[in-house]
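First, the structure itself, so that you have it in front of you.
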Amino acid sequence: MSNRLTRRSFLKGGILAAGALATGLLPLGRSAFGAAPEEKAPAEKATVYFTKDISATGLIKLYEHVSRDISGKVAVKLHTGEPNGPNIIPREMVKPLMEHIPQSAIVECNVLYGSPRQTTEGHRRTIATNGWTFCPVDIMDAEGEVSLPVPGGKHLQELAVGSHILNYDSMLVLTHFKGHAMGGFGGSLKNIAIGCASGKTGKAQIHSDGTRLWAGGPLFMERMVEGGKAVTNHFGRRIAYINVLRNMSVDCDCAGAGAAPPTAPDLGIVASTDILAVDQASVNMVYALPEKDRRDLVERIESRSGLRQLEYMSIMNMGSRRYDLVTI
């Protein structure tokens, strides 16, 4: 099974993997794929914090509300983007946050598809091109990989991640929420599941169904969730999540300069210590938009079976789909 893939064929693969669903946000307790008896509503709601202030100030305010268990050496998992990507979180927003968090470093892993970021050397050049030069940036699989267990996984029993993940005490998952060619949407779950997986092994573990590399659809969502479970289990309470809902193209930041222009308006920033709640809230905000504003992004989510991410995170006991939204 070859790991060689161009970005164009990667994006095409996501299109071919689509499974169309009826438009409309599914109520809690119902499944896009029929009844989901294994999914149970948690006893307590999560708390999700929200601000319309898409700025460094807004980002730091939300971080303060979810950072109670963040301490020691902090990994900030951020998608630093392909060369000259137009939609990544602005550097001027991230720099003050990094200065605000002691002992912090942006962390990434190399990629599997054809890209300068496929090698550590090329990845470092891209990081410099995109302006991530104001703080340490750690390519976690530059010196190899380690395996983290996936408790309760039915597709994966372990996930290969960048070995440097063991150097950190806590993680802040700082995510540009947007569409995704294979995942439907890329939120906090995708950021850690794919983003912490090692370029040589871990990403293939998630993207392969055992017979095909780049196999998409509902089972891909489940493998991605299980990959994310390995990371959340590793950090336990010492992990928090922030989604920035701006420049929400239907394409991931892995599309680089070729990403489709956003058609949805900027909405704000959400944060939580609950990974499922923060992604559920982000999806709900998109679905609450007028039809003309949400159409493209919802089509991308549903045509890739993206809502299965949320269902399966609930099944894997990764958080709550029920939450209180607190505006800051």
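Free of Cβ contacts under 8 Å to residues at least 60 places away in the same chain and of a type in the set (D, E, K, R): does that describe GLU302?
no
Next question. Would you be able to say whether some residue in the stretch 220-229 is at pLDDT 95 or above, surrounded by 24 or more Cβ atoms within 10 Å (Cβ to Cβ), closer than 22 Å to ASP69 by Cβ and touching an Asp or Glu at 6+ places or on another chain (Cβ under 6 Å)?
no
Related question: Every residue in the stretch 256-280 that is closer than 12 Å to TYR323 by Cα and of a type outside the set (Val, Ile, Thr), please.
ALA271, SER272, ASP274, LEU276, ALA277, ASP279, GLN280
Take LEU213 and tell me if it is surrounded by fewer than 24 Cβ atoms within 10 Å (Cβ to Cβ), in contact (Cβ under 8 Å) with a residue 24 or more places away in the chain and touching a helix residue (DSSP H, G or I) at 6+ places or on another chain (Cβ under 7 Å).
In short, yes.
Return the pairs, sorted by first residue and then second, in which the second residue is assigned to a loop (DSSP other than H, G, I, E, B), the first residue lies in the stretch 107-136 and is acidic (Asp, Glu), the beta carbons are less than 8 Å apart, and the residues are 6+ apart or on different chains.
As it stands, the answer is GLU108/LEU78; GLU108/HIS79; GLU108/THR80; GLU108/MET140; GLU108/GLY195, since those pairs meet every condition given.
Given the conditions (1) within 18 Å of ASP274 (Cα to Cα); (2) hydrophobic (A, V, I, L, M, F, W, C); (3) in contact with a strand residue (DSSP E or B) (Cβ under 8 Å, 6 or more places away or on another chain), and given that LEU189 satisfies all but one, which numbered condition is not satisfied?
Here LEU189 clears every test but (3).
Right, something else. Report yes if some residue within the stretch 289-298 is crowded, with 24+ Cβ neighbours inside 10 Å and in contact (Cβ under 8 Å) with a residue 60 or more places away in the chain; otherwise report no.
Step one: list which residues in the stretch 289-298 are crowded, with 24+ Cβ neighbours inside 10 Å, which gives 297-298.
Subsequent filtering for residues that are in contact (Cβ under 8 Å) with a residue 60 or more places away in the chain retains 297-298.
Within the stretch 289-298, one or more residues are crowded, with 24+ Cβ neighbours inside 10 Å and in contact (Cβ under 8 Å) with a residue 60 or more places away in the chain.
To keep it simple, each residue is scored yes or no on (1) surrounded by fewer than 21 Cβ atoms within 10 Å (Cβ to Cβ); (2) in contact with a His (Cβ under 7 Å, 6 or more places away or on another chain); (3) farther than 24 Å from MET313 by Cβ; (4) among the polar types (S, T, N, Q).
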position	(1), (2), (3), (4)
ALA128	yes, no, yes, no
CYS135	yes, no, yes, no
GLY152	yes, no, no, no
VAL161	no, no, no, no
HIS176	no, yes, no, no
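From the list VAL150, VAL161, VAL146, which residue is in contact with a Leu (Cβ under 8 Å, 6 or more places away or on another chain), without any contact (Cβ under 8 Å) to a residue 24 or more places away in the chain and among the aliphatic types (A, V, I, L, M)?
Working: VAL150 fails: without any contact (Cβ under 8 Å) to a residue 24 or more places away in the chain; VAL161 fails: without any contact (Cβ under 8 Å) to a residue 24 or more places away in the chain.
Exactly one residue qualifies, and that residue is VAL146.
Identify, from the list GLY58, GLY81, the residue that is part of a loop (DSSP other than H, G, I, E, B), within 19 Å of GLY187 (Cβ to Cβ), among the small types (Gly, Ala, Ser) and modelled with pLDDT of 95 or more.
Sole residue among the options that is part of a loop (DSSP other than H, G, I, E, B), within 19 Å of GLY187 (Cβ to Cβ), among the small types (Gly, Ala, Ser) and modelled with pLDDT of 95 or more: GLY81.
Out of curiosity, is GLU64 farther than 26 Å from LEU166 by Cβ, outside any loop (DSSP other than H, G, I, E, B), free of Cβ contacts under 8 Å to residues at least 12 places away in the same chain and more than 17 Å from the chain's Cα centre (by Cα)?
yes
Also, I was wondering about something else. Return only the number of the condition from (1) under 24 Å from LEU189 (Cβ atoms); (2) assigned to a loop (DSSP other than H, G, I, E, B) that PRO102 does not satisfy.
So PRO102 meets the others, but not (1).
Moving on. Looking at the structure I just gave you, is VAL225 of a type in the set (A, V, I, L, M, F, W, C) and in contact with a Ser or Thr (Cβ under 8 Å, 6 or more places away or on another chain)?
So VAL225 does not fit the description; no.
The values are calculated or read from the model by the stated rules, or taken from the named source; none is laboratory data. Quick caveat, the model's predicted, so the values are computed rather than measured. Because the Cβ atoms are built from the backbone with ideal geometry, glycine has one as well, and the counts that use them run over all protein chains shown.
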